[in-house]
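What follows is a single structure, written as structure tokens, with notes after it.
Values quoted throughout were computed directly from the atomic coordinates according to the rules given, and no laboratory measurement underlies them. From a predicted model like this one, the values you see are computed outputs, not experimental measurements. Reconstructed Cβ throughout: ideal geometry from the backbone, glycine too, with neighbour counts over all protein chains shown.
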Amino acid sequence: MTYNWGRKPSGRKASTDRARFRLRLEPLEDRLLLAGDIHTIQHVIMIVQENRSFDSYFGTYPGADGIPMINGVPTVSVPDPLTGQSQAPYYNPLISNQNDPHVRDAALIDIDGGKMDGFIRAYRKYNPSPTAVPDVMGYHDSRQIPNYWAYAQNFVLQDHLFSSSLSWSLPNHDYLVSGWAAKCTDPNNPMS
């Protein structure tokens, strides 16, 4: 069964919006669920973003703590050490784009003591060519990733969750499912 969740808009734009947010979901309306009772939870599904920041996918999601904006224009920017200019986040219609470097040192530069303003600086450190154009400030929205936005609209969107390890994907996936990511000298003994 296909359900349209959320508001029920009307008109030509509404049919486009409904098509964009259409998901195949199991109907929960047929069950009696007591509000606030943890025992009513039947499934926990985690969708992990691979090599993406929260702001890259949900920075403009309504109500999320994402990219600060006024009238649809970002109010923040980060410096580019090569050009001396600052670059604000921008809408990127391409679903494929460059990645920020995947190493611990680049993550520390990105985070910059909590200021979260080192993305272009990290890019420049690992891509020093003056002709390289950083593609690390672009964001997407429901036009490229309608399913992710529909999940956020209908379920839970956690906007303050960060990776456990300043590393590449595998250690972070290990953390996600087990709470740690270690190399054991004896593969049969997790405490080695």
Tell me the label-point distance for the pair Y90, H160, using the 7 Å Cα-to-Cβ offset, in nm and rounded to one decimal. 3.2 nm
Note down the nm distance, to one decimal, between modelled labels 7 Å out along Cα→Cβ at T131 and at D174. 4.0 nm
Give me W168, W149, W180 ranked fewest to most by other Cβ atoms within 10 Å of their Cβ, as a rough exposure proxy. W180, W168, W149
Three principal axis lengths of region 72-118 [C-alpha, angstrom, descending]: 31, 24, 21
State, to one decimal in nm, how far the label point of S77 lies from the label point of H39, with both points 7 Å from Cα in the Cβ direction. 5.7 nm
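Going by the alpha-carbon gyration tensor, a ≥ b ≥ c the square roots of its eigenvalues, is region 73-187 rounded (a/c under 1.5) or, if a/c is not under 1.5, prolate (a/b greater than b/c) versus oblate? Walk me through the intermediate numbers first.
Numbers: a/c = 2.04, a/b = 1.19, b/c = 1.72.
Cα axes put region 73-187 in the oblate bin.
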